[in-house]
Structure formats: structure tokens, C-alpha cells
């Protein structure tokens, strides 16, 4: 007779296996598509509290500014390394 703990472990194992199967399924979305979705969710603050508008917008602004600064630094470094100086 399976105990409640065994049933919970089995349900958790099945949930994990279903998630892994969804991520590695070749018929699903491509790696680039999943990466683009993750970036979009990250920049749109999908993980923040939707009932707190200030937190959501603050997170969005901070993440977009961080991305812009990172791209600017990458361009600056590229120009510094490959300049004709």
C-alpha cells in the first residue's frame, strides 16, 4: 500500500519528467525560439508580482536599462579592440 509520501514523490517525479520531455522534444519549439521566449519573459518582468504595478514597471525599466548598457559596453569594447589605432 502506497503512502501519501510515496504518492507525492511519484507525482513530483512525473511532473519533472514531463517538464524535461517538453524541453527536449525535437518536435517542439527550437532552441532559439525557447531562448527568445525566455528573454522576452525576462525583459517584460513576467516573474514579478502582477498586482504590484510599481514593482513590475521598475523591474522592466531596470532590466531594459541593464541590457542597453551591456550592449553599449560590448560595442565600445569591440571598437576598442578592432580600431585601426
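Just to be sure before I move on: is residue 41 in a loop (DSSP other than H, G, I, E, B), surrounded by 10 or more Cβ atoms within 10 Å (Cβ to Cβ) and at pLDDT 85 or above in the structure I sent?
no
Answer yes or no: is there a residue in the range 59-70 that is on the phi < 0 side of the Ramachandran plot and in a loop (DSSP other than H, G, I, E, B).
No, because not a single residue in the range 59-70 is on the phi < 0 side of the Ramachandran plot and in a loop (DSSP other than H, G, I, E, B).
The values are calculated or read from the model by the stated rules, or taken from the named source; none is laboratory data. Since we're looking at a predicted model, the values are computed, not measured. FYI the Cβ positions are ideal-geometry reconstructions off the backbone, even for glycines, and counts take in every protein chain you see.
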